[in-house]
Every structure is written in structure tokens, then in C-alpha cells.
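Below is one structure, written out as C-alpha cells; comments come after it.
Laboratory data are not the source of any read-out in this text; all were calculated from the coordinates shown. Remember, predicted model here, so these are calculated numbers, not experimental data. Cβ sites come from the backbone with ideal geometry, for glycine too, and all protein chains shown count toward neighbours.
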Amino acid sequence: MEDEKELAITPQSSEAAEGADADGEVSAAASPASPASAEAYEKLLAEKKDLYDRLLRKQAELDNFRKRAQKEKEDFRQRASEDLIRSLLPTLDGFERALNHRDENVPETFYQGLDLIHRELREVLGRAGLTAIETTGKLFDPYLHQAVETVEAPERREHEIVGELQRGYKLKHRLLRPAIVRVAVRARPGEVSAGGEHDKKIR
């Protein structure tokens, strides 16, 4: 009986040994693939990062292109409006000269209509961004004013504007035309002009 038990146990032991050998072969076969899988995974990560970086660059280039196109469009509109409004400035000057130098032989109703047209034109241009440059009583600013005369005026500040010869304008904070003005200067020792006034052109 004992011999039979030993014989019965022996086949199971050999099967277990064969199973263990088979598992060892599978593990041995699988182990060489692990480094290759890690390398492939790292390669995929690198490709993914490269594609993401390229996508970000393309998006940035597209955004920059849109901004440039929008800016060029706005600049074109600005230049077009500047040219149009600049061409209308002599008309404004003509209205102001006519209103400031009225002829007594011309009916007052004519000047009333002229003044109405002048105010409406200024309102339309004002909505477009046109503003007049302040002059009389202000200090001379070479970025906004163009001085053509100096006038001796001891009671005024040095370089104070005492007269406006032509009105200047800005368009949306950009200088469209400088104002032409007279500027006050104080008397200097030894400088006396005819009639007691000092009046010369600025160069």
C-alpha cells in the first residue's frame, strides 16, 4: 500500500515541477521585453511633449497674426479719418474768420446760419475725436504750439501764450495740427524796440 501511495504522489510532483519550469520560461521570456516597453513609453512621452509645444507655438503665432491684422486695420482707419479731418480744417478756419470779421452790410441772419453750420460741423468732428488745443494763458509747449512771434509783456509769465493766430487740433490725443501763437517775453536790459514794444519772430 505504501508503494502505491508513493507512485500516486510521484506523477503530481513531476507535473508541479513541469509547471514551475513553464512559469520560469514565461517569466524569462517576459523580462527582456520590459526595458523595450519603457523605452517606447519614454519615446511616446517625448513625442507628445514636442507636439504640445508645437501646438502652443502655432497658437501663439495665430494670436500674434490676429493682433497685427487688427492693429493694421485700426491704423488704416485712423489714417483715413486723419486725412479726411485734416482736409476739413481749412473749412473750420474759414468759418471762424467769417464769424470773427463780420460785415455790417451783411444781414445778421446770414451769420446766424453760418454759426449754426459751424457748430454742427464742430460737433460732428468732435464725436470723431477732434479737440482744439488750448492756447491763450497757457505756457508755450513746443509739442503743441508753434510760436511765430514774441511780444514783450512784463505782466505776463515768460513764454506765456498771449495770442492765437491759428487754432491747433488733436485727434484722439494725437497732434493733428499745432496751434500758431504769439508768446510773451520779459524785457531784457538794453533791449528797447520802437514804440517801447519788443516784437520779433522766433527762429
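A few comments on the model shown:
- Neighbours by Cβ (under 7 Å, 6+ apart or cross-chain): first from segment 84-99, over 14 Å from ARG119 (Cβ atoms); second of a type in the set (Phe, Trp, Tyr): LEU89/TYR169
- Residue, surrounded by the most Cβ atoms within 10 Å (Cβ to Cβ), within segment 100-138, restricted to residues that are assigned to a helix (DSSP H, G or I) and of a type in the set (Lys, Arg): ARG122
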